[in-house]
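What follows is a short report on a single structure.
The values are calculated or read from the model by the stated rules, or taken from the named source; none is laboratory data. Keep in mind that what you see is a predicted model, and the values were worked out from it rather than measured. FYI the Cβ positions are ideal-geometry reconstructions off the backbone, even for glycines, and counts take in every protein chain you see.
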């Protein structure tokens, strides 16, 4: 156990940065969840699953890759994909390449829902995040975000 005297306490600037970061990481998902729930009765995580599938070749990803792209455990992802299957937006099948692999596929109805919802969601993201930043801020935030992700998970897909 680290003792009080061995602890490298945060400087005032680091503390201010940490409090801002933790506030953003807690408030942003909640705000976007509320807006997406009002617009389509889905969560930010649901939206992210659909969005990641929409960007994939043939709208298809192995569940393990989809878990990585959505920063989720396979268990959590499986639960959400089951819910999205119930709405007719996603289906799970065996991989056409390897029958041992389960893939998630975005169905046409899911793509149509996403196409209808995306403009509102992007407007929310722009209003909440990007309208308050200049181009240098955006570049700094992207650089810092990649650096932090790299320390947490050097193999993370956004670093590829």
### Message
With surrounded by fewer than 19 Cβ atoms within 10 Å (Cβ to Cβ) and either in contact with a helix residue (DSSP H, G or I) (Cβ under 7 Å, 6 or more places away or on another chain) or assigned to a helix (DSSP H, G or I) (or both) as the only criterion, which of 67, 51 stands out?
### Response
51
### Query
Do we find that residue 51 is under 13 Å from the mean Cα position of the chain (by Cα), closer than 21 Å to residue 70 by Cβ and in contact (Cβ under 8 Å) with a residue 40 or more places away in the chain in this structure?
yes
### Query
Quick one: would you say residue 131 is surrounded by 11 or more Cβ atoms within 10 Å (Cβ to Cβ), free of Cβ contacts under 8 Å to residues at least 40 places away in the same chain and more than 17 Å from the chain's Cα centre (by Cα)?
no
### Task
Mind listing whichever residues of region 130-160 are within 26 Å of residue 66 (Cα to Cα) and not in a helix (DSSP H, G or I)?
153, 154, 155, 156, 160
### Task
Within region 87-109, identify whether any single residue is surrounded by 14 or more Cβ atoms within 10 Å (Cβ to Cβ), at pLDDT 95 or above and assigned to a helix (DSSP H, G or I), and answer yes or no.
no
### Message
I'm checking my understanding of the structure. Among residues of region 1-48 that are surrounded by 11 or more Cβ atoms within 10 Å (Cβ to Cβ) and not in a helix (DSSP H, G or I), which one is nearest to the chain's Cα centre (by Cα)?
### Response
43
### Message
Looking only at region 54-64, filter to residues that are within 26 Å of residue 123 (Cβ to Cβ), without any contact (Cβ under 8 Å) to a residue 60 or more places away in the chain and assigned to a helix (DSSP H, G or I); which one of those is nearest to the chain's Cα centre (by Cα)?
### Response
55
